[in-house]
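S.K.: Pasting a structure below so you can have a look.
The values are calculated or read from the model by the stated rules, or taken from the named source; none is laboratory data. Only a predicted model underlies this, so the values are computations on that prediction, with no experimental measurement involved. When we count neighbours, we look across all protein chains shown, and the Cβ atoms used for this are built from the backbone with ideal geometry, even at glycine.
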Amino acid sequence: MSPWIIAGFVGAGLVGLGLYALVVNAQPLRKLLAFNLIGSGVFLVFGIVARRGAVGPFPFDPVPQAMVITGIVVAFAASALAVALMLRFAEETGRVTLDPDVWTKPKPDDGAEDQ
Amino acid sequence: MILFDLGLAVLVLGVAAWTIAAREMFSAVVGYVAYGLLLAIVWVRLYAPDVALTEAAIGSGVTGVLLVVASKRLSLLPQADAPPGRGLKRAAAALSVLVAGVLAAAVLTLPDPAPSLAPEADRELAATGLGNAVTAVLIAYRSFDTMLEKVVLVLAVVGVWSVAPDRFWGGRPAPLGPPRPDAALVFLARVLAPIGIVIGVQMFWVGADEPGGAFQGGAILAAMAMIVMMARLTEPPRIDSGRLRLALIAGPAVFLVVGLAGPLMAGSFFAYPAGFAKPLILFIEGFMVLSIAVTLPLLVAGPPSRKGEE
Amino acid sequence: MSVLLGLFSLVAIGAGVFFFVAGTLALLRFPDSLSRLHALTKADNLGLGLVVLGLLPRAGSPLAALKLIVLWAIVQLSSATVAQLIGGALRRQDAAE
């Protein structure tokens, strides 16, 4: 078993873990964490493609590596946008959940501050 | 070494699982930061030091700050989560195992010999005079992608700002730190910021030939800006500041202008004139570092939430 | 001479790793946050110092050695600060309860 196969399995496992958490959790911030786990798992699988593409003087193929770097930065930008949206959502509604059942029940502290 | 890799794999997956299972949101976020750092070691093992630096600085560090700030703000609200039902849990577990299994099978059946763009990138490397192949791919071989990615960052900032209520438009984002920060934090910010700025600039500069580059260096500069804001030595800037907006778009704008000048100077879009490529690349990267160092703290600070006295 | 230096490296790094392991055991086994913090700051600072000391003879150039020392100093600075911050937060938490 070479190191890249282990890293590939780690990537697959991370995607699985992240997917489970994404489905099970109703809290948006936890969904975001799960989403980032999936993302890094995908990057890792792509990373082993870079490792396997070693040709000539390089121990790696630089093209997928460069794409993973831009991917990490874009994932951060998407996370920041998601955080801004969920904070605003929580501010508007006074609640932090995406569970549809919660919204059909009456609010515990009565929605007097709704504008 | 195989033992090290296996141990690392177990550790990464274990910390990831713990992050998901942690009851407190804050613990989950701290777990995620540790997870990011461990993942950086995996990247080093894959001969990807540039990716490892980016993962540690942005994937773990800056994202960690973003999530800590968000969990702090969200924790003030009542938690209304109903625990997920057993059926949902089982279905989700089955789906996850299926997807992970398919991915693992795909990993095992990757084509042999592996396809590679390394020879093409190597040719480009010789033309640019750079020593770091990944930087050459980012700025020369796939420069159009990198330019568009910078535009995505600007769009993300616009998206975050547009979430603000109308009455705060043009104001300042909420402060990153408590009203009276710990003296130790203030001390750290005072001592670390100058050192960090030197390291960030150095990381960008050596990125031409060694692991490092505009993203990694910019992320360290951004971290220094954030620690200074957390210690309340300075406040997040007003978002209607002209200088701020100029710094925000400087990277993609300079990149685009040089790219558009390509047909005149070198015969095609986003091409560099022979013999002049390296200084031009460093020129573009300099502005990119500035834009990244400004963009990341703005994304963490969030939309303007107060009018902000002039 | 080089054998002696190699031996020195080995001993210093080995001792450093020992302290890291001790600190990690303390982190996992100690009962409350303050004593964990106490053990971690002591053991890990010593561990890192010894590892860096052991790596110094192996650094290829004086510049690389200098970088190692700067690295050590920055980690010292930030870990000391973080320990202070965590300690302060714990004290405030205790006062609130």
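A quick yes/no check of all residues on (1) acidic (Asp, Glu); (2) within 24 Å of B:Gly59 (Cβ to Cβ); (3) assigned by TED's automatic domain parsing to the domain that holds B:Gly302:
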position: B:Leu176; (1), (2), (3): no, yes, yes
position: B:Val186; (1), (2), (3): no, no, yes
position: B:Pro211; (1), (2), (3): no, yes, yes
position: B:Ala223; (1), (2), (3): no, yes, yes
position: B:Asp240; (1), (2), (3): yes, no, yes
position: B:Leu248; (1), (2), (3): no, yes, yes
position: B:Phe255; (1), (2), (3): no, yes, yes
position: B:Gly275; (1), (2), (3): no, no, yes
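S.K.: Restricting to segment A:56-70, give me the number of residues that are at the interface with chain B (Cβ under 7 Å from one of its Cβ atoms) and either buried (at least 19 other Cβ atoms within 10 Å of the Cβ) or closer than 23 Å to A:Leu33 by Cα (or both).
M.R.: 10
S.K.: Quickly run through segment C:14-33 and pick out the residues that are hydrophobic (A, V, I, L, M, F, W, C) and either farther than 23 Å from C:Ala89 by Cα or in a helix (DSSP H, G or I) (or both).
M.R.: C:Ala15, C:Val17, C:Phe18, C:Phe19, C:Phe20, C:Val21, C:Ala22, C:Leu25, C:Ala26, C:Leu27, C:Leu28
S.K.: Out of curiosity, is A:Gly39 out of contact with any strand residue (DSSP E or B) (no Cβ under 9 Å at 6 or more places or on another chain), more than 7 Å from chain B (Cβ to nearest Cβ) and buried (at least 21 other Cβ atoms within 10 Å of the Cβ)?
M.R.: Spelling it out, A:Gly39 is indeed out of contact with any strand residue (DSSP E or B) (no Cβ under 9 Å at 6 or more places or on another chain), more than 7 Å from chain B (Cβ to nearest Cβ) and buried (at least 21 other Cβ atoms within 10 Å of the Cβ).
S.K.: Looking only at segment B:39-51, filter to residues that are assigned to a helix (DSSP H, G or I) and within 10 Å of another protein chain (Cβ to nearest Cβ); which one of those is nearest to the chain's Cα centre (by Cα)?
M.R.: Taking the candidates together, the pick is B:Val51.
S.K.: Tell me, please, whether a residue that is part of a helix (DSSP H, G or I), out of contact with any Ser or Thr (no Cβ under 6 Å at 6 or more places or on another chain), more than 7 Å from chain A (Cβ to nearest Cβ) and among the acidic types (Asp, Glu) can be found in segment B:113-131.
M.R.: Taking every residue of segment B:113-131 in turn, at least one turns out to be part of a helix (DSSP H, G or I), out of contact with any Ser or Thr (no Cβ under 6 Å at 6 or more places or on another chain), more than 7 Å from chain A (Cβ to nearest Cβ) and among the acidic types (Asp, Glu).
S.K.: How about segment C:74-97: which of its residues are loosely packed, with under 13 Cβ neighbours inside 10 Å and assigned to a helix (DSSP H, G or I)?
M.R.: If the condition is that a residue be loosely packed, with under 13 Cβ neighbours inside 10 Å and assigned to a helix (DSSP H, G or I), then C:Ala89, C:Arg91, C:Arg92, C:Gln93, C:Asp94, C:Ala95, C:Ala96 are the ones that fit.
S.K.: Would you mind finding the one in B:Asp112, B:Asp209 that is within 17 Å of B:Glu285 (Cβ to Cβ) and loosely packed, with under 14 Cβ neighbours inside 10 Å?
M.R.: Answer to the selection: B:Asp209.
S.K.: So, one more: So which of A:Val73, A:Val23 ends up being among the aliphatic types (A, V, I, L, M) and surrounded by fewer than 23 Cβ atoms within 10 Å (Cβ to Cβ)?
M.R.: A:Val23
S.K.: Filter segment B:1-37 down to the residues that are outside any helix (DSSP H, G or I) and closer than 20 Å to A:Pro28 by Cβ and list them by number.
M.R.: Matches in segment B:1-37: B:Ala22, B:Arg23, B:Glu24.
S.K.: Condition (residue is buried (at least 20 other Cβ atoms within 10 Å of the Cβ), of a type outside the set (Lys, Arg) and closer than 20 Å to A:Ile72 by Cα) applied to segment B:262-285: is it met by at least one residue?
M.R.: yes
S.K.: Out of the residues in segment B:233-260 meeting the condition of being in contact with a helix residue (DSSP H, G or I) (Cβ under 8 Å, 6 or more places away or on another chain) and not in a helix (DSSP H, G or I), tell me which one is farthest from B:Ala301 (Cα to Cα).
M.R.: Out of the qualifying residues, it is B:Leu233.
S.K.: Residues in segment B:129-146: is at least one crowded, with 20+ Cβ neighbours inside 10 Å, closer than 19 Å to B:Ser291 by Cβ and of a type in the set (Lys, Arg)?
M.R.: yes
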